[in-house]
């Protein structure tokens with residue numbers, strides 16, 4: 001009997017105890033069965049790996065463009081099942097496998113960016129995608145690891161959800177951060193649910209989703225244990241433990257139901273309130289121009305005049321609409337506008353013809369004594385003057401700059417398409433004649449804190465200018481748009497999103513997409529936007545919800561470790 005217990009074969013140990021203590025009968029085991037144990041363990045390992053992989057695929061399916069967002073609410077259950085009675089190392093491996101199956105299918109577009117547009121060898125592009133996916137998978141691996149280490153604590157559903165949010169918050173900030181498709185973003189179409197983001201941010205939605213996953217898992221897990229309790233004459237201690245588990249589940253169900261009820265009630269109320277705000281604000285007539293300029297031609301000097309001609313023609317499409325502002329995408333002007341060349345005069349001419357202000361992206365530079373500093377800039381101009389500009393603050397690593405290139409000069413040779421930009425000095429709204437505009441250039445739309453700072457400084461409108469041509473015809477443009485929705489809800493501000501190849505869109509303050517373009521088409525969109533300065537709880541205090549959960553999770557974890 002001791003040898004069987006040490007072998008970890010719970011089935012035989014459990015039956016032996018039942019035979020000896022409950023029934024009083026000694027069971028004789030065929031030792032040949034032990035020879036089959038490695039085979040059974042292999043089958044069990046394969047089953048657990050399949051469950052873990054299934055969780056990863058379900059997570060991917062919940063995001064755009066598949067948009068099966070309901071799957072997110074049960075996506076972690078297969079992983080939780082696979083973690084039952086596992087060691088810390090095995091749990092970490094299963095979590096890592098979940099992450100790999102998720103991120104390899106979610107961010108496959110990295111290969112398109114690097115190989116097709118970055119001129120990097122296809123095999124090397126695959127390696128980079130795998131390494132990035134592996135890095136992101138570490139967070140789910142640590143989630144499984146920490147979960148197993150605290151599994152015996154009460155209300156584990158709430159601790160599990162807190163651990164997930166803490167790790168998401170870490171992923172958004174470690175090494176400049178990569179908060180692409182945090183779990184809460186999967187619900188961008190469920191407007192009543194996501195309104196609570198103006199308090200807790202996208203992390204609040206992630207928390208609720210993970211909490212529901214845990215509660216459902218614990219309901220079925222406890223039900224199966226109860227069924228086993230009915231079949232076997234277990235010890236009194238096992239029975240009492242099961243009764244305690246049932247009480248915990250009941251408490252979790254009540255608290256979770258209350259939280260979801262509050263979230264939905266708050267959401268429906270806020271939908272109406274934000275709609276009222278949108279109907280009472282001052283009117284801004286805006287036009288978005290989607291030039292659909294081929295990335296391979298965009299920086300060709302021979303194509304610059306044709307590029308401007310395309311934008312001028314599309315800008316004049318809605319002259320009768322009398323737009324107050326026309327928005328062109330990131331680097332729509334593919335030359336140094338500040339040089340005031342004949343091409344720059346064409347941009348001013350477009351403002352004159354349309355009798356409108358134009359907001360557009362263009363590279364810029366600043367000369368120092370020994371060097372030239374380059375910026376990714378957004379300008380607002382009229383027919384004869386530049387009103388204001390904003391320099392991109394959060395740059396794309398290996399896209400707009402090479403990290404640590406001073407210490408790792410060989411890295412620049414690996415990514416020849418990488419730019420050499422410097423970050424802007426600070427986040428500030430642009431002062432346009434008719435409004436205060438918080439500009440988010442490309443990648444900045446996935447970082448909540450940037451739009452929050454714009455709102456806190458008085459922005460009335462968010463404008464996201466981007467060039468998603470890098471992504472090709474992949475899922476990335478859809479995912480990028482879905483994350484932009486949350487910036488509107490968090491700060492109760494509308495957004496105009498101009499993308500070179502799409503998806504361009506107007507988004508209301510409650511997150512509703514009211515007008516959007518298709519991918520890889522040349523078109524212009526018009527919309528009357530109601531503006532009003534708003535400062536939500538989130539725009540004033542930021543990710544305090546995620547920070548509190550992170551601090552509490554860290555303290556709780558170390559407290560448990562110390563007790564053990």
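Within the range 102-137, take every residue that is over 27 Å from residue 78 (Cβ atoms) and not in a helix (DSSP H, G or I) and give me the one that is modelled with the highest pLDDT.
121
Of the conditions (1) part of a helix (DSSP H, G or I); (2) at pLDDT 95 or above; (3) more than 22 Å from residue 534 (Cα to Cα), residue 175 fails just one. Which one is it?
(2)
Which members of the range 350-374 meet the condition of being assigned to a loop (DSSP other than H, G, I, E, B) and touching a residue at least 12 places away in the same chain (Cβ under 8 Å)?
355, 356
Can you confirm whether the range 474-497 contains a residue that is over 19 Å from the mean Cα position of the chain (by Cα), more than 25 Å from residue 102 (Cβ to Cβ) and surrounded by fewer than 18 Cβ atoms within 10 Å (Cβ to Cβ)?
Looking for residues that are over 19 Å from the mean Cα position of the chain (by Cα), more than 25 Å from residue 102 (Cβ to Cβ) and surrounded by fewer than 18 Cβ atoms within 10 Å (Cβ to Cβ), one finds none in the range 474-497, hence no.
Would you be able to say whether some residue in the range 118-137 is closer than 21 Å to residue 50 by Cα, touching a residue at least 40 places away in the same chain (Cβ under 8 Å) and either touching a helix residue (DSSP H, G or I) at 6+ places or on another chain (Cβ under 8 Å) or surrounded by fewer than 20 Cβ atoms within 10 Å (Cβ to Cβ) (or both)?
Scanning the range 118-137 turns up at least one residue that is closer than 21 Å to residue 50 by Cα, touching a residue at least 40 places away in the same chain (Cβ under 8 Å) and either touching a helix residue (DSSP H, G or I) at 6+ places or on another chain (Cβ under 8 Å) or surrounded by fewer than 20 Cβ atoms within 10 Å (Cβ to Cβ) (or both).
Would you confirm whether or not the range 78-99 contains a residue that is in a helix (DSSP H, G or I) and over 29 Å from residue 221 (Cβ atoms)?
no
Could you count how many residues in the range 319-350 are out of contact with any helix residue (DSSP H, G or I) (no Cβ under 7 Å at 6 or more places or on another chain) and either surrounded by fewer than 20 Cβ atoms within 10 Å (Cβ to Cβ) or outside the structural domain of residue 431 (by TED's automatic domain parsing) (or both)?
Here the count works out to 13.
So is residue 397 in the same structural domain as residue 426 (by TED's automatic domain parsing), under 16 Å from residue 299 (Cβ atoms) and either surrounded by fewer than 22 Cβ atoms within 10 Å (Cβ to Cβ) or modelled with pLDDT under 90 (or both) or not?
No.
Here is a list of conditions, (1) in contact with a strand residue (DSSP E or B) (Cβ under 6 Å, 6 or more places away or on another chain); (2) in a loop (DSSP other than H, G, I, E, B), and residue 383 meets all of them except one; can you say which number that is?
Residue 383 satisfies all of (1) in contact with a strand residue (DSSP E or B) (Cβ under 6 Å, 6 or more places away or on another chain); (2) in a loop (DSSP other than H, G, I, E, B) except (1).
Conditions first: (1) under 24 Å from residue 442 (Cβ atoms); (2) over 29 Å from the mean Cα position of the chain (by Cα); (3) in a strand (DSSP E or B). Residue 285 passes all but one, so which condition is the exception?
(1)
Can you tell me which residue within the range 270-282, out of those that are without any contact (Cβ under 8 Å) to a residue 60 or more places away in the chain and loosely packed, with under 14 Cβ neighbours inside 10 Å, is farthest from the chain's Cα centre (by Cα)?
Applying the filter and picking the extreme gives 276.
Identify the single condition in (1) assigned to a helix (DSSP H, G or I); (2) in contact (Cβ under 8 Å) with a residue 12 or more places away in the chain that residue 43 does not satisfy, given that it satisfies every other one.
Unmet condition: (2).
Do we find a residue being in a loop (DSSP other than H, G, I, E, B) and closer than 28 Å to residue 387 by Cβ anywhere in the range 443-457?
Here is the first cut: in the range 443-457, the ones in a loop (DSSP other than H, G, I, E, B) are 447, 457.
Subset that is closer than 28 Å to residue 387 by Cβ: 447, 457.
So far as the range 443-457 goes, yes, one or more of its residues are in a loop (DSSP other than H, G, I, E, B) and closer than 28 Å to residue 387 by Cβ.
Filter the range 512-540 for residues that are out of contact with any helix residue (DSSP H, G or I) (no Cβ under 9 Å at 6 or more places or on another chain) and without any contact (Cβ under 8 Å) to a residue 40 or more places away in the chain; which is farthest from residue 328 (Cα to Cα)?
This residue is 514.
Among the strands (runs of 3 or more DSSP E) contained in the range 500-564, which hold 1 or more residues that are loosely packed, with under 14 Cβ neighbours inside 10 Å and in contact with a strand residue (DSSP E or B) (Cβ under 6 Å, 6 or more places away or on another chain)? Break it down stepwise before answering.
Values: elements: 505-507, 513-516, 523-531.
Those strands (runs of 3 or more DSSP E) span 513-516, 523-531.
The values are calculated or read from the model by the stated rules, or taken from the named source; none is laboratory data. Here the structure is a predicted model, which means the values were calculated and not measured. Cβ sites come from the backbone with ideal geometry, for glycine too, and all protein chains shown count toward neighbours.
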